[in-house]
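Scroll down for the structure; my scribbles are underneath it.
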Amino acid sequence: MLKRNCLIGFLFFFTLYNVHAQWTGLKEKPSSYKEVKYGSITPKDRQDDAMRRFRAYGLGQFIHWGIYSIAGNEWEGVSARGGAAAPEWIRSWRGPSAPENWTEIYDNLYKEFDPVDFDASKWAKQAKEMGVKYLIFTTKHHDGFAMWPTKYSDYNITNTPFKRDIVKEVVDAYHAVGIDVYLYFSVLEWNNPNYFYKAPETKEEEERFNKFLNYTKNQLFELLDNYPEVKGLWFDGTWDEAWKSAYKFTYNLEIELREKKPGLIIGSRFRNDEYGSRHFDSNGNLLGDYEQGWERKLPEDISWLAGNDWEGIMTLPPNGWGFMKDWSGLYVKTADDILEMLMKSVSMNGNFVVNFGPDGLGNMHPGEQALAKEVGDWMAVNKEAVYGVTDCSYPKTPYGYYTQKENTVYLSVFNRPVNNLIRVKVAKDSKLAPAHATILGEGRELPVKHADIGLDLDRFTYFDFRLPSSFHPKRAFVIKMKLIDSTSKAERLMDAKM
Ligand code: FHN
């Protein structure tokens with residue numbers, strides 16, 4: 001019996017959680033061309049101030065906060081692990097461990113939402129100290145609960161004991177410290193009778209779904225009206241057939257949203273073309289301003305990105321976005337893991353976003369607080385290797401990741417070689433060569449030697465930087481190298497030849 005229940009539980013999650021998992025990843029260009037009417041609206045490489053600002057962020061913060069945070073992935077001491085797909089999905093908890101009438105309990109939980117410890121300026125200060133440049137904040141997750149006083153549904157913050165406009169407080173506090181805000185918005189709503197999973201079939205269903213579409217549009221315009229400072233809308237829950245079938249509506253809505261707020265940034269999750277192709281249209285062109293499918297995984301190589309802007313978003317526990325009280329027995333990512341993923345992302349022209357899931361009272365998880373501090377301490381020293389950088393044309397390095405800003409190359413070293421020699425490989429025909437290296441936060445200059453390692457037919461030449469043997473930092477460190485003209489300074493470099 002137990003086995004059968006487990007199987008049913010598993011199938012339930014599989015359909016609920018994985019059916020939508022149309023992740024982006026390495027893919028081949030479509031082999032034949034299709035006439036696409038509802039494809040991309042914006043150019044591949046937007047060159048306006050808003051988009052340039054987006055590209056320079058480097059580090060972002062995601063906050064998943066809502067009614068689900070009260071539960072923290074458990075209820076009355078019983079864990080939802082194995083019974084709910086993720087803490088923010090706890091409404092769909094099923095199987096033997098789920099409490100009786102769970103959906104009803106969940107749908108009434110908002111009556112208890114009273115996060116007395118919530119202080120947006122505290123979160124904003126912490127994010128600022130962590131080095132965050134933009135925030136993505138959940139205004140409404142799949143349960144449909146609105147964290148702002150929306151006119152279009154009663155299931156919103158004004159009907160909780162708390163009443164305050166949380167979205168406004170978050171937007172204001174983050175802007176006050178210079179962090180841009182993007183509003184996360186789930187289209188999917190589990191408890192809305194007019195929401196459809198499958199494409200509507202009857203006239204009556206169509207009418208109801210049209211109501212839902214208008215409701216969605218109204219809420220989006222309301223968000224842009226209420227919080228005009230926001231820089232973008234971050235869509236989610238757009239994978240169901242009904243939404244996919246509304247491609248004309250969503251195409252026009254994207255145009256209208258962009259008209260309403262010039263410069264608005266919308267990622268590739270918002271909509272699909274008339275063939276149901278999401279993220280990219282049927283000809284492989286990006287839908288939206290940047291690729292938004294890198295969730296809990298990162299591209300392996302810059303070539304996977306085909307020159308598109310992108311962002312990677314990451315949980316600390318394996319798959320927990322909303323508050324998860326109990327982290328025991330899980331591999332929770334460390335500050336070192338996060339920093340490595342951050343540098344990997346920026347080395348491939350992406351932003352990296354770390355998720356936080358505050359509890360039902362408005363406090364960050366103690367593990368998140370510790371991580372914010374550790375990341376912030378590292379960023380305080382090394383941020384110039386993160387913000388406003390691009391990829392570097394040097395071949396991949398075994399030590400870590402390169403980033404570049406004009407004639408400065410940064411090498412963030414995560415794998416320190418045992419011989420203390422950092423060897424930088426540069427194409428022989430390169431006009432610029434690395435010289436004058438320092439370790440960020442250390443100040444002293446590292447000796448550089450141009451090494452001819454005597455390989456025949458080698459297209460590369462090598463520059464060696466010796467690390468002081470007394471230098472043993474606890475975390476990754478960054479070597480900052482100034483590039484100099486290798487043709488005019490050839491003699492100097494040759495002087496250094498071994
Ligand atoms: O189902 C959600 C999940 O709860 C979380 O919000 C993530 C964040 O990107 N988005 C969905 C899964 O892709």
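The values are calculated or read from the model by the stated rules, or taken from the named source; none is laboratory data. Given the structure is predicted, the values throughout are model-derived calculations rather than measurements. No Cβ is skipped: glycine too gets one built from the backbone with ideal geometry, and neighbour counts run over all protein chains shown. Areas reflect the complete protein model, heavy atoms only, side chains present, ligands, DNA and RNA absent. Shrake-Rupley method; radii C 1.70, N 1.55, O 1.52, S 1.80 Å.
Key figures for this structure:
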quantity	calculated
Selection from segment 115-162 of residues that are away from the ligand (no atom under 16 Å from the Cβ) and either under 21 Å from the mean Cα position of the chain (by Cα) or modelled with pLDDT under 95 (or both)	120, 123, 124, 125, 126, 127, 128, 129, 130, 131, 132, 133
Selected residue [modelled with pLDDT under 95 and closer than 19 Å to residue 186 by Cα] from 284, 276, 293	293
Test result for residue 122, open to solvent by 40 Å² or more (accessible area, probe 1.4 Å) and touching an Asp or Glu at 6+ places or on another chain (Cβ under 7 Å)	no
Hits in segment 280-299 (condition: open to solvent by 10 Å² or more (accessible area, probe 1.4 Å) and within 28 Å of residue 320 (Cβ to Cβ))	295, 296, 297, 298
Candidates 302, 313, filtered to the one that is β-branched (Val, Ile, Thr), out of contact with any Cys (no Cβ under 6 Å at 6 or more places or on another chain) and open to solvent by 20 Å² or more (accessible area, probe 1.4 Å)	302
Qualifying residue in segment 119-140 (condition: in contact with a Pro (Cβ under 8 Å, 6 or more places away or on another chain), within 29 Å of residue 84 (Cα to Cα) and not in a loop (DSSP other than H, G, I, E, B))	yes
Given (1) on the phi > 0 side of the Ramachandran plot; (2) away from the ligand (no atom under 16 Å from the Cβ), number of the condition residue 217 does not satisfy	(1)
Filter result for the condition that a residue is away from the ligand (no atom under 16 Å from the Cβ) and either of a type in the set (A, V, I, L, M) or within 30 Å of residue 119 (Cα to Cα) (or both), over 188, 233, 183, 223	223
Every residue from segment 33-91 that is in a helix (DSSP H, G or I) and open to solvent by 50 Å² or more (accessible area, probe 1.4 Å)	49, 52, 53, 55
Residue in segment 406-414 that is among the small types (Gly, Ala, Ser) and open to solvent by less than 70 Å² (accessible area, probe 1.4 Å) present	yes
Meets criteria (of a type in the set (Lys, Arg), more than 16 Å from the ligand (Cβ to nearest atom) and assigned to a loop (DSSP other than H, G, I, E, B)) for residue 208	no
Given (1) buried (at least 20 other Cβ atoms within 10 Å of the Cβ); (2) away from the ligand (no atom under 16 Å from the Cβ); (3) small (Gly, Ala, Ser), index of the condition residue 97 fails	(1)
Residue within segment 371-382 that is touching a Leu at 6+ places or on another chain (Cβ under 9 Å) and over 30 Å from residue 322 (Cβ atoms) present	yes
Residues satisfying the stated conditions in segment 397-414, i.e. over 18 Å from residue 467 (Cβ atoms) and in contact (Cβ under 8 Å) with a residue 40 or more places away in the chain	403, 407, 408
Residues of segment 378-396 classified as open to solvent by 20 Å² or more (accessible area, probe 1.4 Å) and not in a strand (DSSP E or B), total	11
Any hit, segment 341-351, residues being within 16 Å of the ligand (Cβ to nearest atom), modelled with pLDDT of 95 or more and not in a helix (DSSP H, G or I)	yes
Which numbered condition residue 338 fails, given (1) within 14 Å of the chain's Cα centre (by Cα); (2) part of a loop (DSSP other than H, G, I, E, B); (3) free of Cβ contacts under 8 Å to residues at least 60 places away in the same chain	(2)
